[in-house]
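The block underneath contains the structure these notes are about, expressed in structure tokens.
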Protein chains: 2
Amino acid sequence: MPILPEPLQNLIDAFESLPGIGPKSASRLAFYLLKAPNYLSDNLAIALAELKKHTGSCKVCCNITLAKQEVCDICASSQRDDGVVCVVEEPLDVLALERTGGFNGRYHVLHGVLSPIEGIGPEDLKIRELFERLKAHPAIKEVILATNPSMEGDATALYLQRQLGVLPVRVTRLARGLPVGSDLEYADTNTLLRALAGRQELD
Amino acid sequence: MPILPEPLQNLIDAFESLPGIGPKSASRLAFYLLKAPNYLSDNLAIALAELKKHTGSCKVCCNITLAKQEVCDICASSQRDDGVVCVVEEPLDVLALERTGGFNGRYHVLHGVLSPIEGIGPEDLKIRELFERLKAHPAIKEVILATNPSMEGDATALYLQRQLGVLPVRVTRLARGLPVGSDLEYADTNTLLRALAGRQELD
């Protein structure tokens with residue numbers, strides 16, 4: 001006989017199917033919601049139901065946007081520099097860069113990285129959209145490749161760099177080096193090598 | 001201007017309101033569901049909606065049960081010993097004990113522990129229900145206090161032990177000692193003291 005009532009087991013299973021939530025966390029969450037005020041589980045259920053119904057993809061930068069908007073707020077803004085496009089892997093990367101307040105250009109979201117092992121090729125990313133955008137907007141003078149400093153991120157940047165060679169745009173990427181507030185003693189060899197190779201003149 | 005579309009931010013907020021899920025995990029989960037096949041978020045939304053609608057409390061042991069059942073499967077079973085009731089804090093404790101296969105009596109779920117700091121007194125737990133049950137069923141000869149071996153669990157057990165003194169039942173609690181497979185060298189002092197005090201004759 002099943003020990004847990006079916007509705008509870010279903011919720012535990014649903015939580016467990018999410019990344020980073022194991023069996024223990026899943027049952028803790030389910031039991032928590034069982035005891036918690038109704039609005040907590042209601043809010044989550046409503047948010048889940050509305051997520052895909054009310055979100056869409058920006059026609060320009062491929063970032064997530066409201067379904068009723070064709071173009072996201074950043075692409076629609078007249079305050080931002082049309083000359084620079086920063087290419088990132090995921091929408092969360094746009095958030096991270098926006099939080100810095102240090103970038104006033106436009107974005108392009110690839111929605112992933114090249115990964116031959118997982119069978120993800122150029123056609124699975126928003127690369128075609130990037131090239132169409134660059135061809136249609138000659139005002140774009142610079143493309144910043146801001147993929148993650150990982151194996152896949154670097155491979156994707158290298159691929160894009162080669163492909164972009166045919167277009168009259170400057171291609172740059174984010175600097176590698178020691179993270180601010182870190183300790184040279186604990187830096188890994190690769191980071192230290194990059195920091196050495198990319199050393200800069202003091203003004 | 002809001003950087004994330006509202007439906008996405010709502011889902012992140014809903015996840016963040018759950019215990020053990022911080023801002024980073026919440027946005028990871030939301031973005032994962034945005035990309036994942038629809039059935040994943042649908043399953044979770046349905047399970048959430050059905051949770052409270054279709055679960056109830058067992059009239060006998062206060063464990064969680066299907067709403068359409070008055071009495072849970074364990075209480076309804078004729079295969080189990082009516083003479084012993086094991087008192088636990090939470091439904092998950094019933095699961096843990098059932099998994100051992102070593103207990104064939106009945107359960108009583110308190111749904112919490114006494115905690116003066118959090119303002120949880122005896123009237124907030126299913127203690128009245130336990131006493132009514134014991135008075136109504138003289139067949140119950142033994143009550144095993146299986147609260148957690150924590151400060152609150154021990155205080156709750158002590159409280160119950162005193163209250164149960166007026167009834168003609170044997171009151172026992174789970175043994176304290178070295179966990180199986182552990183190392184004496186690494187046992188904490190309290191556990192070791194309990195193991196010494198509770199030492200048993202070798203047969």
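The values are calculated or read from the model by the stated rules, or taken from the named source; none is laboratory data. For clarity, every value in this text was computed on a predicted model and none was experimentally measured. All Cβ positions, glycine included, derive from the backbone under ideal geometry; neighbour counts span all protein chains shown. For the accessible areas, the whole protein counts, side chains as well, though only heavy atoms, and no ligand, DNA or RNA atoms are used. Shrake-Rupley method; radii C 1.70, N 1.55, O 1.52, S 1.80 Å.
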Exercise. Using the C-alpha gyration tensor of segment A:78-201, what are the square roots of 5 times its eigenvalues, in whole angstrom, with the largest one first?
Worked result: 25, 19, 14
For this session: Take every Cα pair under 8 Å in chain B that's 6+ residues apart, average their separations, divide by the length, and report that relative contact order as a whole percent.
Result: 13 percent
Exercise. Once phi is turned into θ = phi - 60°, what whole-Hz ³J(HN,Hα) does the Karplus curve with 6.51, -1.76 and 1.60 give for every residue of segment B:167-178, x standing for Gly and Pro?
Worked result: 9, x, 10, 7, 10, 10, 9, 5, 5, 9, x, 6
Problem set entry | Volume in Å³ per residue [convex hull over Cα atoms, computed for segment B:1-90] | 144 Å³
For this session: Let me know the whole percent of all Cα-Cα pairs from segment A:6-53 that are separated by more than 18 Å.
Result: 32 percent
Problem set entry | Residues in segment B:124-164 reached by a label modelled at residue B:117 [backbone nitrogen below 14 Å; 7 Å Cα→Cβ] | B:150-155
For this session: Could you check the simple spin-label distance between residue B:52 and residue A:42, using points 7 Å along Cα→Cβ, in nm with one decimal?
Result: 0.7 nm
Problem set entry | Area buried, chain B against chain A - accessible surface, total, 1.4 angstrom probe, square angstrom | 4600 Å²
Seminar exercise, completed: With only helices counted (DSSP H, runs n ≥ 4, each -39500 (n - 2.57)), the per-residue ellipticity at 222 nm for chain A, to the nearest 500, works out to -13000 deg cm²/dmol
Seminar exercise, completed: With a 1.4 angstrom probe the carbon and sulfur portion of accessible area for segment B:89-203, in percent, totals 55 percent
For this session: State in Å² the accessible area per residue of segment A:78-201; use a 1.4 Å probe, count heavy atoms of protein chains only, and round to the nearest integer.
Result: 62 Å²
Problem set entry | Centroid-to-centroid separation of segment B:1-33 and segment B:144-203 [C-alpha atoms, Å] | 42 Å
Problem set entry | Residues listed by number, segment B:64-91, amide nitrogen under 18 Å from residue A:6 label point at 7 Å toward C-beta | B:64-74
Exercise. So what is the relative contact order for segment B:124-203, in percent, with contacts set as C-alpha pairs under 8 Å and at least six apart?
Worked result: 25 percent
Seminar exercise, completed: Any lysines whose Cα falls less than 22 Å from that of residue A:59, other than same-chain ones fewer than 8 residues away, would be A:68, A:126, A:135, A:141, B:35
Seminar exercise, completed: Amide H contacts under 5 Å for residue A:107, restricted to residues at least 5 apart in sequence or on another chain and with H modeled in the peptide plane, are A:86
